[in-house]
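In what follows, a structure is listed as structure tokens, so that the remarks can point back to it.
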Amino acid sequence: MSSRAIQSLRYTPRFVCSQCLFVPHKPASPSAFLPPHLLYQPARRWKSQLKQAPREAAPASKKSIDQGFPESFEEAKKTLNVRYFEQESDGDLRELQSSDDFARSLDGTELYQQDLENDLESIMDIVDGKNTNERFRAQLEKELLNAIEESKRRSTEATPEGQATKAATETPQINEKTFRKEAQRRLVRKLNSALDRAEKANRRDNAPSKRTLVPLWKTYVAARQTLALSWNAVPRATWDMLWRLFSIEDPVGNPNRLSHVATLSKDMSAAGIDLTPSQQILTIESLFVENWENDAVKNWKRCLPKLGADHSSSFQQFWELGVRMFCQTGDMEQANRATERLLNAKSDPRILMTLIRTYSQMGTEEAYTQAWEAYRRLRGLLGSQMKLEDYDQVISHFLAANQTDNALHAFVDMMTSGTTDLKKHKRLPPTVGNKFFFGKWLKRLIGAGELDGAYNVIKFMLQKRVQPAPIHVNGLIGAWQRAGGERDLENADAVAWQMIESRLRFVRERRGEQTAEQDSAASTPWPRATLETFSLMAENYRLRQQHDSLMRLWQAFNEAEITHDAFMMNQLLESYLQYGRVAEGAELYKSLVSGGRVKPNPHTFMTLWKMLDVNRIHISQDQYYCEMENARNTFNEMMKFVDVFDEPIDGQLARKILHTFRRLHDSHGFLVALTSLRNTFGFLPPELLVLELVVGTTNLAWDTLRARQRLRIEKKRMDLDIMQRREALGKFSGSVNELEELSAEERGEELYEYLVRVYTPVRSEEDKEFIDDTQLLEEAAQQMGVYNEATSGE
């Protein structure tokens, strides 16, 4: 690599060779011809050296030189042109193609670029040959390529075309010298810098972000008072850039769009800047949104002759704004006139959506009729071009205004393509008046988040004596619960208990304890609650920690004579656990499972393990034996329902089991549980769990130096032990990275064996006479319900 390239990979050196100093820096045009005495003009700083150098011959006077040229000098210039040459390092001359090449050669960028390319090739050869770090190699290559591109860019900017391109991409700046005080200039400089950063970010990301626009606006607001002293200092290009950045419609990146536009338009008017038609329309809209409604309407009417003309490029945009503003102010006469102007000009008929929404919100029968007529006209104008999204929007407007009849008619139009007109039927036809047809509508509304609309549809169905399907009502209950609002939860509870009462009424009628005439509420055909209804409510009450409501629900569940389910039992157990009433939870489990009424699932046993005192509270030393018994009995209970588990067992459940025995210092129970999890459930402990069990914590901390050092020590100890064992068994291949090359199953087996060695009690010869670990393991296996498995597996 040349020394010049080593010095800097980012900046081009400003060197000029001694020969080039004697050549004019401004190349002559190809058709120019100069006398010899004008071609040799040394730089001023070299004059002292030139005076000391001996002269071989004095130059001829200008008069004598001029006499040597023919009188037809002007004609001779037309037939001559200048040729440029570059002397290579080996002494050969190379002809340059144009004066631009000569300028680049004079600047030294061409030679520097060539050196960098040669250096890149040589360095890549060295890097490839030495197998250097791939990331370092890529980074070095990137830096060298950037240096080459920078050299090319500077070379291009030296040409007139390059200068023009650079000028076109530069950010327009405000002249700070217009202002006298240094504080004012400082504000202007900050604004110029913010503009430059915003423009670069915009070119890089193709759209400004909130992180870019917020600082820019703060800087502009800070400089507004200063700029108002001399608006002429702000060029039109700067105003255009500010408008372009702050008028972008992006709710996330530019949430205060119209507020910023209103301020900018005010400042531009003060600066005497004429707004374009689109800018004027956006300004009117911003005034309207910023609560200057009267001013916005006046400005709209004032711009009507120019912007609202038929030949105007902003015709549709202008009249659509008028429709929206007049609908917002309640001037429906003007809104209808503006709408007619648009429709007569063959504009998009969807502008009628604004009228439909406004009429629907008025709440009068006359307005409802106008809304329906507007919808019919919209459907007639669009025809086959009316999309599902258009129907959904119309239906949403009708449902929001509680016009369920009109909403149903629009939905029927959507489903039947307008072939069925419900207005001509006094009663719902069978193809429409059934729970399956309404179920499609409810699914669509719930999926779109129109929960209030779906509720209105259900009430409409009940009025029409069409009973909704429980699955659809349960879907609405679940959607309300996921929404989580106070009103949503109240609606969910009300509808769910209506369904529960309907189920209880059905049970009483089936028993003969009640007839339909004895209960006036039976006339309301609410669907009967299902197991899903109770499960939704049970989970919601548990999450909201409403234990009393959950107990009331459990009582109703028993009265409803629905087959008991593990999910309901799990919610009750979790609720008991939340309130610390684990004894009652254990009794509930025994009463439901022992009688065969409910079959537990893996989530049930996760709750049972969490209910153990050792996993909830701090226990004293004298409680360890009792808790050890409880843990072993819980494992025994789990082994009775092996068939409910998937293979392998859930990792979190296995982790909870092993940590429970670790906390109890029950090494025999730990070994039995670890062996059973492997043999019965196919579970092999991952490395992270092994480290937790060895270190003795459920939360491996990395935030302190001591914790990190301890983890490193345990990791090295574990790897060394595994390597020594493999070497003793003759499995060591001699590779340095042998442990990393093991398969997942082999690695799991090694970690399993390591845990067994760590938790196997080490006894002295004296202790072995009094403690028989083999017998203790057998007792633990018997108590944990895996004696046959343990004796056959070990």
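Only the coordinates and a few stated rules stand behind these numbers; no lab work does. Small disclaimer: the values here were computed from a predicted structure and weren't measured. Glycine gets a Cβ as well: all are built from the backbone with ideal geometry, and neighbour counts include every protein chain shown.
Spatially, the range 670-742 and the range 220-251 are offset by 63 Å when compared through their Cα centroids. The distance linking the range 441-485 with the range 564-617 is 33 Å (Cα centroid to Cα centroid, whole angstrom). Shape of the range 635-794 from the C-alpha gyration tensor: rounded (a/c under 1.5, with a ≥ b ≥ c the square roots of its eigenvalues). The stretch between GLN623 and LEU381, if pulled fully straight at 0.36 nm per residue, gains 79.0 nm over its current Cα-Cα span. Using a simple spin-label model with pseudo-atoms 7 Å out from Cα toward Cβ, GLN782 and GLN361 lie 8.0 nm apart. Pairs LYS190/LYS298; LYS210/LYS301; LYS424/LYS459: which exceed 26 Å Cα-Cα? Flagged as over cut-off: LYS190/LYS298; LYS210/LYS301.
Distances between placed amide hydrogens fall under 5 Å for GLU86 paired with ARG94, GLU95, LEU96, all partners being 5 or more residues away or on another chain.
In the structure displayed, which of LYS200/LYS306; LYS440/LYS599; LYS218/LYS266; LYS440/LYS464; LYS346/LYS387; LYS590/LYS640 lie more than 25 Å apart, Cα to Cα? Violating the 25 Å Cα-Cα cut-off are LYS200/LYS306; LYS440/LYS599. Residues of the range 645-665 falling in the label zone of LYS599, defined by backbone nitrogen less than 14 Å from a point 7 Å along Cα to beta-carbon, are 645-646. Each residue of the range 658-663 is assigned a 3J(HN,Hα), and the resulting list reads 5, 5, 4, 5, 5, 4 Hz, derived from the Karplus form 6.51 cos²θ - 1.76 cosθ + 1.60 (θ = phi - 60°), x at Gly and Pro.
For HIS564, no residue has an amide H sitting under 5 Å from its own, ignoring neighbours fewer than 5 places away on the same chain, with H placed 1.01 Å from N. Relative to the 2.2 N^0.38 Å rule of thumb, the range 505-660 has a C-alpha radius of gyration ratio of 1.27. Its Kirkwood hydrodynamic radius, worked out from the mean inverse distance over all distinct Cα pairs, puts the range 346-491 at 15.9 Å.
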